[in-house]
1. Kindly indicate whether any position in the range 127-134 is open to solvent by 10 Å² or more (accessible area, probe 1.4 Å) and among the small types (G, A, S).
2. List the number of the failed condition for D85; all other conditions in (1) crowded, with 16+ Cβ neighbours inside 10 Å; (2) away from the ligand (no atom under 12 Å from the Cβ) hold.
3. Check I7 against each of (1) of a type in the set (A, V, I, L, M, F, W, C); (2) away from the ligand (no atom under 16 Å from the Cβ); (3) assigned to a helix (DSSP H, G or I) and name the one condition it does not meet.
4. Sort out which residues of the range 138-186 are under 25 Å from I126 (Cα atoms), of a type in the set (S, T, Y) and open to solvent by 20 Å² or more (accessible area, probe 1.4 Å), and write them in order of number.
5. Under 6 Å by Cβ, and 6 or more places apart or on different chains, what pairs join a residue from the range 169-180 that is modelled with pLDDT under 95 with one that is part of a strand (DSSP E or B)?
6. Might you let me know whether the range 42-63 holds any residue that is away from the ligand (no atom under 16 Å from the Cβ) and at pLDDT 90 or above?
7. Tell me, which helices (runs of 4 or more DSSP H) lie completely within the range 61-155 with 1 or more residues that are under 22 Å from C35 (Cβ atoms) and in contact with a helix residue (DSSP H, G or I) (Cβ under 9 Å, 6 or more places away or on another chain)?
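The values are calculated or read from the model by the stated rules, or taken from the named source; none is laboratory data. The model shown is predicted, which means the values in this text are computed figures rather than measured ones. Every residue, glycine among them, receives a Cβ derived from its backbone with ideal geometry; neighbour counts consider all protein chains shown. Protein only, heavy atoms only, side chains kept; ligands, DNA and RNA dropped before computing areas. Shrake-Rupley method; radii C 1.70, N 1.55, O 1.52, S 1.80 Å.
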Amino acid sequence: MLDIKEIHVDNVFSKTSFQGYSYVINPYTGCSSGCLYCHACFMQQFTNHTGETWGEFIDVKRWDGIVRTKRTVKDRNILMSTVTDPYNPIEKEYKNTRFILEKLHEIGCNLTVCTRSDLVLRDIDILKDMKAKVSMSINTLDEDFVKNTEKTTPIAKRLEALKKLHDEGIYTILCVSPIFPYITDFEEIVEKARDFTDEY
Ligand code: SF4
């Protein structure tokens, strides 16, 4: 059972040392995609969720849209997201990522969106207008492996989404991550997506 809370936040921008980016945005704390290998569970200790199970709670970060960072975010490179999936299953109902995209569009910035979900297709209109880049994570073509380790979009649908984004003129990135030794066949993945991927 997923424990969902809506919390008010003054700021959605976090400074980052990710190469090439000034800020990251995580519209949610926690992630209902619940990947068994998730790297982001360390966030529990910083967010009053110690003792809970990663993948079984999620906070929807409600932001009023006012930019309070000292340095402007206009024209900066911004990455969304690093410790959640902005299109995790509850985004369909809560539309928090959509709200943030609308605000970022007004401000003007260079956005890269990272996801494992085909729900990103819902926002093609605004992503196109913003000239955003979209990165789709795929680390195996084995659908059974995915079913057993993630509550995310099947691989075939992720590939279809990447193709659709590419056909719409959106810059596409395929992120092969994490790599499982002896399971992830990156050559096979690269080959499968070659016609509609701008960057790996
Ligand atoms: S989609 Fe990303 S953040 Fe969400 S559970 Fe999976 S690895 Fe973690």
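1. To start, the set of residues in the range 127-134 that are open to solvent by 10 Å² or more (accessible area, probe 1.4 Å) comprises 128-131, 133.
Then drop every residue that is not among the small types (G, A, S), which leaves none.
No; the residues of the range 127-134 include none that is open to solvent by 10 Å² or more (accessible area, probe 1.4 Å) and among the small types (G, A, S).
2. Here D85 clears every test but (2).
3. Here I7 meets the rest and fails (3).
4. Kept after step one, since they are under 25 Å from I126 (Cα atoms), are these residues of the range 138-186: 138, 152-175.
Imposing the further condition that a residue be of a type in the set (S, T, Y) reduces the set to 152-153, 171-172.
Hits for the range 138-186 are T152, Y171.
5. Going by the 6 Å Cβ cut-off, the qualifying pairs are S177/S137.
6. Residues of the range 42-63 that are away from the ligand (no atom under 16 Å from the Cβ), as a first pass: 48, 50-51, 62-63.
Still in the running and at pLDDT 90 or above: 62-63.
Yes: the range 42-63 contains one or more residues that are away from the ligand (no atom under 16 Å from the Cβ) and at pLDDT 90 or above.
7. Working: elements: 91-94, 96-107, 124-130, 143-149.
Result: 91-94, 96-107, 143-149.
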